[in-house]
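Please read the structure below before turning to the comments.
The values are calculated or read from the model by the stated rules, or taken from the named source; none is laboratory data. Keep in mind that this is a model prediction, so the values were computed, not measured. Here Cβ is always computed from backbone atoms with ideal geometry, including for glycine, and neighbour counts include all displayed protein chains. Calculation scope for accessible area: heavy atoms of the full protein, side chains included, ligands and nucleic acids excluded. Shrake-Rupley method; radii C 1.70, N 1.55, O 1.52, S 1.80 Å.
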Amino acid sequence: RSMPVSVMEEKLLYLKQHGVRLAMDDYGTGSASSSVLLQTPMDEIKIDMSFIRGITDNQTKQALVRSMVDFANKADLKSCLEGVEDEKLQNYLLWSHMVSGVLLFQTGSGSCNAKIVKHGKLIISRR
């Protein structure tokens, strides 16, 4: 973070006033903290993949990620879980609103893949 949060907030509010939706990437790491989130006008948090890797076998990660998603819901923010790279993880995370990561499906050439999977969720990944 190279600018004070107050300056960042002012610039982000300007963007929101012009219809830009804002997402905090890598939420939970570095300067993408709850403290900064509370001071900025975000619409979405993208929960960092470091919290997602190994979540199916780690109750502590499960509790932490669920609490992050619950916080987002109660704060009227969307949440996206990053780093979904296999079917076991994708199936485990069906309770979440959005996930992103490397898809198991090869839907053709191009820079993005999209596939509607169980429960009508749209999952998009960049190659």
Being within 15 Å of the chain's Cα centre (by Cα) and either open to solvent by 50 Å² or more (accessible area, probe 1.4 Å) or modelled with pLDDT under 90 (or both) is the filter here, so list the residues in segment 51-60 that pass it.
-> Arg53
Could you check, for segment 75-83, whether at least one of its residues is surrounded by 15 or more Cβ atoms within 10 Å (Cβ to Cβ) and part of a loop (DSSP other than H, G, I, E, B)?
-> yes
Does segment 13-26 include one or more residues that are modelled with pLDDT of 85 or more, of a type in the set (Gly, Ala, Ser), open to solvent by 20 Å² or more (accessible area, probe 1.4 Å) and under 14 Å from the mean Cα position of the chain (by Cα)?
-> yes
Condition met for Leu64 (in contact (Cβ under 8 Å) with a residue 12 or more places away in the chain, open to solvent by 70 Å² or more (accessible area, probe 1.4 Å) and aliphatic (A, V, I, L, M)) = yes
With the checklist (1) outside any loop (DSSP other than H, G, I, E, B); (2) open to solvent by 50 Å² or more (accessible area, probe 1.4 Å) in hand, flag the one item Leu94 doesn't pass.
-> (2)
